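Asker: Input: one structure, supplied below.
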Amino acid sequence: MEDKEKIKLDKVKIMSNTITGVLTILISVIIIVSFVMVVKPYIENGESSGANSEYMNRIEEALVRIYSNYVDDVDMETLVEGAISGIAKSTEDPYTRYVSQEEYDSMVTSGTEKYGGLGIHITYDEATNGIMILSVMPGSPALEEGIFAGDVIKEVAGIAVDSDNYYDCVDNIKGEENTKVALNIQRGTENFTKEYTRKIVSANNVESKKIEGNIGYIKILSFENNIASQFKIQYDQFRAENVSAIVLDLRNNPGGLLNEAVNIARSILPKGDIVKLVYKNKDDKVYTCDGKNEIDIPLMVLVNGNSASASEILAGAIKDSGKGTLIGNKTYGKGIVQTIEKVTFQGALSITTSKYYTASGIEIHKNGIVPNVEVSLDEEYKNKYYVPENKDFQLQKALEIIKGIK
């Protein structure tokens, strides 16, 4: 009887070991298929196959051991995504990261659709470890409820913001119309928590009007939603009305799409270079202007410490060309390019692939663009969206320079 029980136990043990072996093989296949897509470029760059095999083995071993021995059930897909995220995070660049399939699908369809949210332009700010509000959209819930450019969101729905969960926190700010989200906000030395009501937001990224009688004023809030076309429509209308000058306001503009900034530059600048992109493993790329649409009236450009990325490209190109005068404060200094690379497994990788340099050779990242004329606003107006014209010293300086040119 004991022998029969022993045989039975041995069979169970053999079956268990067989199942474990099969699972391990399946897991290994999943890992290898997934990670070979991540390291493929590395392999193609001439690194030894032996070294690659060693790295793959180490990753595979770690995943299999955790999957097999962790006390609770854990999903292999979750482990693989975590491993990929860890690889991206090891660059210590908050913009290089793994993008989930859900977020990637949202990226593909984003840009022109309406959504439930607060209507803010934001970026991750390393200095404060929070979500920096660069600007608020006109007519947005954020504007109505007193959120200002320069505010830093430290917590979203009770979750402290950091570089790891930044994008999750950004997603959590959005939501169904008329629902609320609690934000902890740092404003200077003040810190407070308040619930804000989400509304349907339709991105509005350009405003224009005539000031001082016959001066065209165009404010660009973000380089998205076909902003170059929107800019050109308003710019062409002003030119048809024979405005005497253009004031281009890029203050509190977080940037956006490179091509949008380049296309705007091509609609106003003389012949020459606009911006240079410097890559690691391929030739630099220089965007140029043919000069066929060169502006022939005074151009003033307003910038501040919240003008970032594509804003800095356009501002830098205008300054280097000598066709416009930059007025305000040094820009933010975000001069790197992310490429979203879809992978064969779930999701995509957002990878910082190049740096921006102005035509004059200035590296924008962490340096920013210094204006031709430095002018600051009073502290109480520095980060507000609406500034009374008589208190907007940057705008007043632009008008003063225009009048001096006439």
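Asker: Please report, ordered by residue number, the strands (runs of 3 or more DSSP E) entirely within the stretch 199-263 with at least 2 residues that are of a type outside the set (Asp, Glu) and modelled with pLDDT of 90 or more.
Answerer: Counting at least 2 such residues, we get 206-211, 215-220, 245-249.
Asker: Please determine, by comparing only the residues of the stretch 347-399 that are among the acidic types (Asp, Glu) and surrounded by 13 or more Cβ atoms within 10 Å (Cβ to Cβ), which one is nearest to residue 277 (Cα to Cα).
Answerer: 363
Asker: Then there is this: For the stretch 58-176, give me every one of the helices (runs of 4 or more DSSP H) that falls completely inside it and has 2 or more residues that are hydroxyl-bearing (Ser, Thr, Tyr).
Answerer: On the way: elements: 76-89, 101-109, 141-144, 166-173.
Those helices (runs of 4 or more DSSP H) span 76-89, 101-109, 166-173.
Asker: Hey, can you tell me all the residues within the stretch 183-196 that are of a type outside the set (Phe, Trp, Tyr) and surrounded by 14 or more Cβ atoms within 10 Å (Cβ to Cβ)?
Answerer: The answer is 183, 184, 185, 186, 187.
Asker: With respect to the numbered conditions (1) closer than 22 Å to residue 342 by Cα; (2) at pLDDT 85 or above, which one is the sole condition not fulfilled by residue 61?
Answerer: Checking residue 61 against (1) closer than 22 Å to residue 342 by Cα; (2) at pLDDT 85 or above, the one that fails is (1).
Asker: While we're looking at this one, here's another question. Go through the stretch 316-348 and count every residue that is at pLDDT 90 or above and not in a strand (DSSP E or B).
Answerer: Going through the stretch 316-348, the residues at pLDDT 90 or above turn out to be 316-336.
If we keep only those that are not in a strand (DSSP E or B) as well, we get 316-324, 329-335.
Going through the stretch 316-348 one residue at a time, the tally reaches 16.
The values are calculated or read from the model by the stated rules, or taken from the named source; none is laboratory data. These figures come from a predicted structure and were not determined experimentally. Because the Cβ atoms are built from the backbone with ideal geometry, glycine has one as well, and the counts that use them run over all protein chains shown.
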